[in-house]
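Values quoted throughout were computed directly from the atomic coordinates according to the rules given, and no laboratory measurement underlies them. Computed from a predicted structure; not experimentally measured.
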Amino acid sequence: MTTTIESKNHFRAAERKFLTRSELAEAVAMDKLNGLSVVFTNGCFDILHVGHIRYLQDARALGDKLIVAVNSDESVRKLKGEARPIIRENDRVELLAALECVDYVTIFKDDTPIETILAVKPSIHVKGGDYEAEALPETPIVRSVGGKVVIIPFSSTSSEGFSTTNIIGKIKQAT
């Protein structure tokens with residue numbers, strides 16, 4: 001029997017890994033009851049590249065479950081300008097959900113992930129080497145819910161030179 005693509009759609013990772021903030025809070029509460037540690041990170045993840053993949057794999061290695069909170073399209077425009085994002089939020093969610101190292105994906109529309117952090121109370125909040133823990137607005141919130149902030153250096157992920165902005169620049173030069 002031949003299976004069509006349409007009939008396989010229910011197996012897509014995004015459908016089972018994408019959760020609203022309230023659904024995510026419930027899932028994480030159950031994970032914690034089961035003794036699991038929860039790692040949280042956030043970002044635009046526009047034009048997913050190898051630096052992102054290595055970073056997410058390193059983040060997942062810090063705990064039992066990895067949550068990725070994705071900036072909404074509107075939020076990305078505020079941060080990066082009107083020409084961004086290149087990839088729509090639903091497609092960015094699907095790409096991230098397809099990664100084995102990612103357990104949950106959610107979208108946040110706020111300027112910061114603070115409301116999502118308050119909802120899920122992660123054990124660890126992870127950011128990349130271009131951030132400093134003390135400069136993050138979410139650091140005091142993470143600590144107030146009993147978590148810690150971990151910065152993954154670029155040397156760990158070998159992501160130096162990997163950047164969505166650089167990729168967009170190369171594409172513009174090639175056209």
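Numerical summary
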item	result
Ratio of Rg to Rh over segment 12-174 (Cα coordinates, Kirkwood Rh, two decimals)	0.95
Residue-by-residue Karplus 3J(HN,Hα) for segment 26-35, coefficients 6.51, -1.76, 1.60, Hz, glycine and proline x	5, 4, 5, 4, 5, 4, 5, 4, 8, x
Phi to ³J(HN,Hα) by Karplus 6.51 cos²θ - 1.76 cosθ + 1.60 over segment 65-80, Hz, x for Gly, Pro	9, 10, 9, 10, 9, 9, 4, 5, 4, 4, 5, 4, 4, 4, 7, 10
Count, lysine Cα pairs under 16 Å in segment 12-174, 8 or more residues apart or across chains	11
Calculated from backbone phi, Karplus (6.51, -1.76, 1.60) coupling profile of segment 111-125 in Hz, x at Gly/Pro	5, 10, x, 4, 4, 5, 4, 4, 6, 9, 6, x, 6, 9, 10
